[in-house]
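Remarks on the structure that follows.
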């Protein structure tokens with residue numbers, strides 16, 4: 001039973017981070033219809049940037065906030081340099097560019113930070129679990145979870161209640177109509193990339209804080225794909241629920257199935273689940289079904 | 001032709017799509033400040049293209065104003081981007097009720113508030129609900145699911161939220177029940193009078209358009225073929241025959257009697 005609760009809490013908390021990364025993914029898809037396959041690298045960059053700030057003496061939380069700012073700048077730059085010229089081109093071309101971008105970023109990361117695993121030293125949060133009732137929780141997980149939930153709330157509130165957020169949703173819905181009201185699509189795309197970079201970056205920082213930072217954080221970033229697809233690609237609540245589901249699924253399968261299918265069932269399970277799930281709900285949990293008037 | 005000062009002057013513009021397809025071949029239109037001007041014409045005459053040339057949306061479809069000039073409040077705008085033109089106060093209400101389907105009615109309106117300079121969003125919403133009380137009832141419903149008339153109201157209300165100076169209305173009556181058309185046109189006239197919004201109205205329903213706008217232009221295959229006060233136009237034999245369905249021949253007529261082609265030719269010369 002203890003094992004069960006441990007998987008539950010860990011899953012929940014890692015899921016929170018996945019949700020954060022998934023949100024970035026959903027934002028880009030929602031606004032521009034692009035499936036951003038460089039998301040894993042964005043996560044990785046975030047992790048390294050936070051690490052670098054931390055290494056030069058900035059405390060962790062301010063370092064995360066600085067990562068947010070760097071994320072905005074990098075997001076804008078990426079959009080302006082690589083994707084702006086592709087507006088209006090077939091969506092597949094744009095997706096291929098994100099694949100290219102992912103290789104490029106991976107190379108860049110290797111060039112700047114090398115391939116050794118970096119660890120936050122001294123550890124930011126205590127690894128030793130604290131006990132709450134029957135639950136044992138590492139503060140690392142707990143704080144990461146809290147931080148990601150706070151950021152999720154901020155992003156969702158931004159999206160739902162501010163003019164800019166609404167304009168982004170409007171562009172997602174009907175670009176021409178939004179343009180006719182003076183909402184510039186170019187700005188919206190840039191903003192979407194900036195937010196995606198921010199959320200992925202912070203997610204990466206949190207993940208890196210748990211396991212140390214190396215290229216595998218990027219793979220974790222890609223693990224968010226099933227989360228996003230489960231949630232329904234363009235649904236913000238879907239991304240959050242999907243993220244948490246994947247976190248849980250991963251940890252439970254790691255705990256209970258690893259004995260039967262040794263080696264990596266944890267990594268495969270989310271994708272297998274996604275495939276089966278889509279058979280029954282092709283739009284994901286809350287994906288947009290096309291509203292058609294008859 | 002005596003006019004008050006014009007808010008919009010289109011001077012003999014030519015529009016090409018993809019740099020080869022010539023769609024507008026010299027169109028000149030003037031919209032007086034605070035006035036309503038109608039633009040009539042059959043399908044494919046170039047009415048919507050004219051509106052898109054003004055609002056700058058043409059550029060998203062790889063179209064371009066290659067000759068002539070569009071002046072808005074004395075400034076040339078035909079090379080500006082759509083977002084900038086909208087910011088200057090020209091808002092196009094695109095044909096076909098393009099609501100943001102997945103947002104609620106009120107959220108749709110709020111997107112319009114994005115450009116608002118003076119006054120709060122709340123005041124803007126109040127103004128819209130004052131003109132369209134129906135929208136108040138439907139404010140929290142998903143815009144994709146409200147009725148066609150309500151969608152049209154949402155789209156016009158959304159334009160109103162931007163505090164526009166000139167609204168380009170593209171076929172607001174399309175696909176709506178006659179009762180609703182009346183309601184919407186009454187509101188449009190009220191907006192023109194009370195909010196001092198100038199309107200360039202594109203319509204296929206010529207009778208309706210001529211009753212709302214005091215001055216009208218008639219377009220055919222990319223040219224303006226006639227322009228006059230609505231009174232004069234309603235008396236014009238050709239307009240009566242082609243657009244108002246009031247041929248003086250009366251009774252049954254075959255296609256041969258109409259001599260469509262010959263008469264149109266005469267205008268073009």
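Taken together, the values in this text are just the output of simple stated rules run on the coordinates, not laboratory data. Keep in mind the model is a prediction, meaning the values are calculated, not measured. Please note: Cβ atoms are built from the backbone with ideal geometry, for glycine as well, and neighbour counts cover all protein chains shown.
Based only on other Cβ atoms within 10 Å, what is the fewest-to-most ordering of A:268, A:240?
By the 10 Å Cβ count, ascending, the order reads A:268, A:240.
Give me log10 I(q)/I(0) at q = 0.20, 0.25, 0.27, 0.28 Å⁻¹ for region A:99-166, Debye formula, one equal scatterer per alpha-carbon, no solvent.
Those come out to -0.90, -0.96, -1.03, -1.06, one per q.
Among the DSSP beta bridges whose two residues both lie in the protein assembly as shown, what percent are antiparallel, rounded to the nearest 5?
If I count the DSSP bridges inside the protein assembly as shown, around 60 percent turn out antiparallel.
If I stretch the segment between residue A:117 and residue A:65 completely, what's the gain in nm (0.36 nm per residue apart, minus their alpha carbon distance), one decimal?
16.4 nm
In Å, what Kirkwood hydrodynamic radius results for chain B from the alpha-carbon pair distances?
19.3 Å
Output the relative contact order of chain A, whole-number percent, from Cα pairs under 8 angstrom with separation of 6+ residues.
Dividing the mean separation by the residue count of chain A yields 38 percent.
Of the listed peptides A:269-277, B:79-87, what is their order by residue-averaged count of other C-beta atoms within 10 Å, with the highest listed first?
B:79-87, A:269-277
Based on the Cβ-Cβ distance of residue B:229 and residue A:91, what FRET efficiency does E = 1/(1 + (r/R0)^6) give at R0 = 56 Å, to the nearest 0.05? Working shown, then result.
Numbers: r = 49 Å, r/R0 = 0.88.
The calculated FRET efficiency here is 0.70.
What nm distance separates the two modelled labels at residue A:259 and residue B:137, each placed 7 Å from Cα along Cα→Cβ?
With each label placed 7 Å out from Cα toward Cβ, I get 6.3 nm.
On C-alpha positions alone, give me the angle between the axis of helix A:185-211 and the longest principal axis of chain A, in degrees, nearest 10.
The answer is roughly 10 degrees.
Which order do the peptides B:41-49, A:128-136 take when ranked by the mean count of other beta-carbon atoms within 10 Å per residue, highest first? If you can, show how the numbers build up before the last one.
Numbers: B:41-49: 19.2, A:128-136: 10.8.
The packing order, highest mean first, is B:41-49, A:128-136.
Kindly identify region A:1-78 as rounded, prolate or oblate by the Cα gyration tensor criterion: order the square roots of the eigenvalues as a ≥ b ≥ c, call it rounded if a/c is under 1.5, otherwise compare a/b with b/c, prolate if a/b is larger, else oblate.
oblate
What does the average come to when, for each residue of peptide B:102-108, you count the partner chain Cβ atoms lying within 10 Å of its Cβ?
4
When N is the residue count of the protein assembly as shown, what does its C-alpha Rg come to as a fraction of 2.2 N^0.38 Å?
Details: Rg = 28.9 Å, N = 563, 2.2 N^0.38 = 24.4 Å.
The reported ratio for this selection is 1.19.
Along Cα→Cβ, 7 Å out, is where each label goes; now give me the distance between the ones at residue A:80 and residue B:186 in nm to one decimal.
Here the answer is 5.2 nm between the modelled labels.
Averaged over A:158-166, how many beta carbons belonging to a partner chain fall within 10 Å of each residue's beta carbon?
3
With the Cα gyration tensor of region A:2-214 giving a ≥ b ≥ c as the square roots of its eigenvalues, does the rule (a/c under 1.5 for rounded; else a/b larger than b/c for prolate; else oblate) give rounded, prolate or oblate?
prolate
Please give the peptides B:228-238, B:104-114, B:196-206 ranked by average Cβ packing (other Cβ atoms within 10 Å per residue), highest first, as a rough proxy for protection.
B:104-114, B:196-206, B:228-238
With the crude spin-label approximation of a point 7 Å out along Cα→Cβ, what separation in nm comes out for residue B:73 versus residue A:104?
According to this spin-label approximation, the distance is 4.0 nm.
Springs between alpha-carbon atoms under 10 Å, Gaussian network over chain B: tell me which of B:50, B:60, B:221 tops the mean-square fluctuations.
In the Gaussian network model the winner is B:60.
How do A:98, B:66 rank when sorted from fewest to most other Cβ atoms within 10 Å of their own Cβ?
B:66, A:98
Between residue B:204 and residue A:162, how high is the FRET efficiency from 1/(1 + (r/R0)^6) when r is the Cβ-Cβ distance and R₀ = 51 Å? Nearest 0.05.
Using R0 = 51 Å, I get an efficiency of 0.85.
Mind checking B:56-64 for the average number of partner chain beta-carbons within 10 Å of each residue's beta-carbon?
Working: counts 2, 4, 0, 1, 7, 2, 1, 0, 0.
Partner-chain Cβ atoms within 10 Å, mean over residues of B:56-64: 2.
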